[in-house]
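A.B. asks: Quick one: the structure is below, questions incoming.
The values are calculated or read from the model by the stated rules, or taken from the named source; none is laboratory data. Since the model is a prediction, treat every value here as computed from it, not as a measurement. Counting neighbours? That spans all protein chains shown, and the Cβs are built from the backbone with ideal geometry, glycine included. SASA here: full protein model, heavy atoms, side chains in, ligands and nucleic acids out. Shrake-Rupley method; radii C 1.70, N 1.55, O 1.52, S 1.80 Å.
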Amino acid sequence: MPQFRLTRPTPSARLALAATLAIVLTGSLVSASPGTARTMTDPTIGQNSPAYQDFYTQGLEWNDCPGSGLQCASVEVPMDWSRPDGPRIVVTFAMVPASDTKHRIGSLLINPGGPGASAIDSLEYLASTMPSKVRARYDIVGVDPRGVGQSVPVTCMNDEDMGEFLEFFPEPPGTKAIIETHRVMRAYARECREHTGEVLGYVDSLSSARDMDVIRAVLGDETLTYVGYSYGTFLGSLYAQEYGDRAGRLILDGAVDPTLPTEKESTLQMASFDRAMSSYVETCMTQSACPLSGRVTDAMEQIKDFIDARSDDPLPTSNEARKLTKVQAATGVLTAMYSQDLWVVLTHGLAAAMNDGDGSILLALADSYYQRDNDTGAFESNMMDAFAAISCLDKPVDARRAALDAAEAEATDMAPLFGEFARYGSINCAVWPYPARLAPEEITAPYAPPIVVVGTTGDPATPYENAVNLARSLARGVLVTYEGEGHTAVGGGVRCIDNAIEAFLVDGIVPEDGLTCTD
């Protein structure tokens, strides 16, 4: 059963899909709830306490990152932040150095989202999207949070078992589906606990925010400069709440609303995907290659019927060993909603599937979402496992039967196309071996300086209302709006947005609250 994560699509996925589309057109295809902590840092935890000084004063050793030309370093942090004398874990990060070292301002930490996306893997691309003055004046640092990528990664299943697990979808809804979901999720949770060990209970976002404060200190920065995308906005919000006196210039793009319970967050996300799909359909139907017809509502129904039919009739793909199932079809369609650049890929994918019975392009889209090799089916990161582990520690769930039925009804009512894919998602965390550490709660960050919150009106994964609510909740929140489509806006080539964030990060000029950008 897919759990649609909040991260922005990776550049490698977009490039791979563009290459895939080019091949197809010339011939054949080759093959999380957020919560909050106390209103101010516990003085017994962190830099203010002598018990933690070893962590804040440790030195750094930079070495070549595996598989890239970047430099990586690691720090030791407490596995359990309430036990500084207990076991330690290692958190790893990479750096793209400032190009103008003479006028260097400091370090800029970036988180691409997820939870579970590796900042190290996407750092070079994310750095390249920053305005030129930001790249010149800052060392741009990507931290893999605990549980992710190169930082004590959560490990659950082998590739074959993970592929089968992601195909699970509880239908039709009802008692049998709930029982089967409990069985599948318990088995998955057991695998995660067995293969990851005790650290599985300590990969929560508050611990990761505290890790970032250690990294800030060892990098030599008095305050944290930070850009967080999607789930990364929650990390940034927690940091501002816990360490307001050390928060510097923070940008939160594609906001998570920390007040939402798990079930409501999933429902609103699916509704937002439905709205994005409607916008896509309107565009598609103006193009000759579009396989849809009639009114927008008719076209949406055609897509739903196509996806539903894959339950009993999966489509062949160019990879003889893999077919396009219902879950893969839905995931492929949803993936294209993350970026308007992928809409043309989706149009050709739907045309190939609906007209010619070829599911290759939609499977490639789904694989890009899961960070999965299209040829072998192997997973290229631990993102899906980390997503589950972090999400379950960050927010409690209500998996009582009445709550499950109510969430199912609301999701399918608010999101007729995609709402069913939120079905019984709470059960995964209900059977998780460790309880949630946080709870849905307003984050105000009363001691932090102005925090820039960026929202995109057509964002499919983090609805624009999230940004409005977060900016309103923060004591000094500043809302910047991009009127457009796609997930997140910073670094997306929107001149007005880039100018505002460059002025903020380089010169400390806070954007006007309510600034709206269209280009």
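A.B. asks: Enumerate the helices (runs of 4 or more DSSP H) found wholly within the range 252-368, keeping only those where 2 or more residues are in contact with a Pro (Cβ under 6 Å, 6 or more places away or on another chain) and of a type in the set (G, A, S). It would help to see each step written out before you state the result.
C.D. replies: On the way: elements: 262-284, 296-309, 326-335, 343-356.
Once the helices (runs of 4 or more DSSP H) in the range 252-368 are filtered for at least 2 residues that are in contact with a Pro (Cβ under 6 Å, 6 or more places away or on another chain) and of a type in the set (G, A, S), what remains is 262-284.
Residues are listed down the side, and each one gets a yes or a no for (1) in contact with a Phe, Trp or Tyr (Cβ under 8 Å, 6 or more places away or on another chain); (2) under 17 Å from D161 (Cβ atoms):
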{"site": "A378", "(1), (2)": "no, yes"}
{"site": "A386", "(1), (2)": "no, yes"}
{"site": "C392", "(1), (2)": "yes, no"}
{"site": "R401", "(1), (2)": "no, no"}
{"site": "D405", "(1), (2)": "no, no"}
{"site": "A409", "(1), (2)": "no, no"}
{"site": "D413", "(1), (2)": "no, no"}
{"site": "P416", "(1), (2)": "no, no"}
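A.B. asks: List every residue pair whose Cβ atoms sit under 8 Å apart, with the two residues 6 or more apart in sequence or on different chains, where the first one lies in the range 405-417 and is under 24 Å from F306 (Cβ atoms) and the second, anywhere, is open to solvent by less than 30 Å² (accessible area, probe 1.4 Å) and of a type in the set (S, T, Y).
C.D. replies: Listed pairs, sorted by first residue: E408/Y424; A411/T267; M414/T267; A415/T267.
A.B. asks: Can you tell me which residue among V333, V327 is open to solvent by less than 20 Å² (accessible area, probe 1.4 Å), at pLDDT 95 or above, of a type in the set (V, I, T) and more than 19 Å from T347 (Cβ to Cβ)?
C.D. replies: On the way: V333 fails: more than 19 Å from T347 (Cβ to Cβ).
Unique residue meeting the criteria: V327.
A.B. asks: Does D85 fit the bill of being out of contact with any helix residue (DSSP H, G or I) (no Cβ under 6 Å at 6 or more places or on another chain) and surrounded by 17 or more Cβ atoms within 10 Å (Cβ to Cβ)? I'd like the intermediate steps shown before the answer.
C.D. replies: Details: out of contact with any helix residue (DSSP H, G or I) (no Cβ under 6 Å at 6 or more places or on another chain): yes; surrounded by 17 or more Cβ atoms within 10 Å (Cβ to Cβ): no.
Judged against the criteria, D85 is not a match.
A.B. asks: If we keep just the residues of the range 352-378 that are among the acidic types (D, E) and buried (at least 18 other Cβ atoms within 10 Å of the Cβ), which is farthest from the chain's Cα centre (by Cα)?
C.D. replies: Among residues in the range 352-378 that are among the acidic types (D, E) and buried (at least 18 other Cβ atoms within 10 Å of the Cβ), the one farthest from the chain's Cα centre (by Cα) is D358.
A.B. asks: Pull out all pairs, ordered by first then second residue, where Cβ-Cβ is under 6 Å, the residues are six or more apart or on different chains, the first lies in the range 436-465 and is at positive phi, and the second is open to solvent by less than 10 Å² (accessible area, probe 1.4 Å) and of a type in the set (G, A, S).
C.D. replies: A445/A240; A445/G244
A.B. asks: Could you list, in sequence order, the residues of the range 151-210 that are within 30 Å of L224 (Cα to Cα), in contact with a helix residue (DSSP H, G or I) (Cβ under 6 Å, 6 or more places away or on another chain) and aromatic (F, W, Y)?
C.D. replies: none
A.B. asks: Still on this model: Looking at A500 and the list (1) open to solvent by 30 Å² or more (accessible area, probe 1.4 Å); (2) more than 19 Å from the chain's Cα centre (by Cα), which single condition is not satisfied?
C.D. replies: (1) is the only condition that A500 fails.
A.B. asks: Inside the range 216-229, can you point out the residues that are of a type in the set (V, I, T) and closer than 22 Å to T129 by Cβ?
C.D. replies: First, the residues of the range 216-229 that are of a type in the set (V, I, T): 218, 223, 225, 227.
Hits for the range 216-229 are T225, V227.
A.B. asks: Wholly within the range 144-249, which helices (runs of 4 or more DSSP H) include no fewer than the required count, namely at least 1 residues that are at pLDDT 95 or above, buried (at least 23 other Cβ atoms within 10 Å of the Cβ) and in contact with a Lys or Arg (Cβ under 6 Å, 6 or more places away or on another chain)? Break it down into steps so the answer makes sense when it comes.
C.D. replies: Numbers: elements: 159-167, 175-196, 205-218, 231-242.
By residue number, 205-218.
A.B. asks: I've got another one for you. Considering only the range 111-118, I want to know if a residue exists there that is assigned to a strand (DSSP E or B) and either modelled with pLDDT under 95 or not charged (D, E, K, R) (or both).
C.D. replies: Within the range 111-118, one or more residues are assigned to a strand (DSSP E or B) and either modelled with pLDDT under 95 or not charged (D, E, K, R) (or both).
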